[in-house]
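Below you'll find the structure I mean.
The values are calculated or read from the model by the stated rules, or taken from the named source; none is laboratory data. No experiment lies behind these values; they were computed from the predicted model shown. As a convention, Cβ positions derive from the backbone with ideal geometry for all residues, glycine included, and neighbour counts pool all protein chains shown.
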Amino acid sequence: MVNEAATTPKKLKGWLLMSLGVLGLVVGALWTLQGLDIITDSRMSGVAIWSIVGPVIAVAGLISIILGERARARSKRL
């Protein structure tokens, strides 16, 4: 008991990708809604470029969340 080797703690894997993915998903959704003029009272409201950029950022965020989750699952198996 006393002389047993301590187990090394597992590193947190994938949390950065998942955090950035959630941020990208939320920002992309917000920009999409502003570009479609659903959320008003902003300089971005009604500008068509944000209705194109928003979904691209949201999909990139979703991909980042998936990759982060896969990294977490892979590190748990080891």
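Counting only residues that are farther than 23 Å from Lys11 by Cα and either assigned to a loop (DSSP other than H, G, I, E, B) or among the charged types (D, E, K, R) (or both), how many does the stretch 46-78 have?
2
Report whether or not Arg43 is within 30 Å of Lys11 (Cα to Cα) and not aliphatic (A, V, I, L, M). Even if it seems obvious, please write down each step before you answer.
Numbers: within 30 Å of Lys11 (Cα to Cα): no; not aliphatic (A, V, I, L, M): yes.
Criteria not met by Arg43.
Next question. Identify, please: which residue in the stretch 36-46 is among the hydrophobic types (A, V, I, L, M, F, W, C) and in contact with a helix residue (DSSP H, G or I) (Cβ under 6 Å, 6 or more places away or on another chain) and is, among those, surrounded by the most Cβ atoms within 10 Å (Cβ to Cβ)?
Met44
For the stretch 16-25, check the following and say yes or no: at least one residue is touching a helix residue (DSSP H, G or I) at 6+ places or on another chain (Cβ under 8 Å), under 30 Å from Lys76 (Cβ atoms) and of a type in the set (Val, Ile, Thr).
Looking for residues that are touching a helix residue (DSSP H, G or I) at 6+ places or on another chain (Cβ under 8 Å), under 30 Å from Lys76 (Cβ atoms) and of a type in the set (Val, Ile, Thr), one finds at least one in the stretch 16-25, hence yes.
Let me ask something else about it. Report, ordered by the first and then the second residue, all pairs with beta carbons closer than 8 Å, sequence separation of six or more or different chains, a first member in the stretch 1-27 that is on the phi < 0 side of the Ramachandran plot and modelled with pLDDT under 70, and a second member that is part of a helix (DSSP H, G or I) and not hydroxyl-bearing (Ser, Thr, Tyr).
Close Cβ pairs satisfying both conditions: Lys10/Lys76.
Same structure, new question: Within the stretch 32-50, track down each residue that is under 27 Å from Met18 (Cα atoms), polar (S, T, N, Q) and over 19 Å from the mean Cα position of the chain (by Cα).
Selection gives Gln34 alone.
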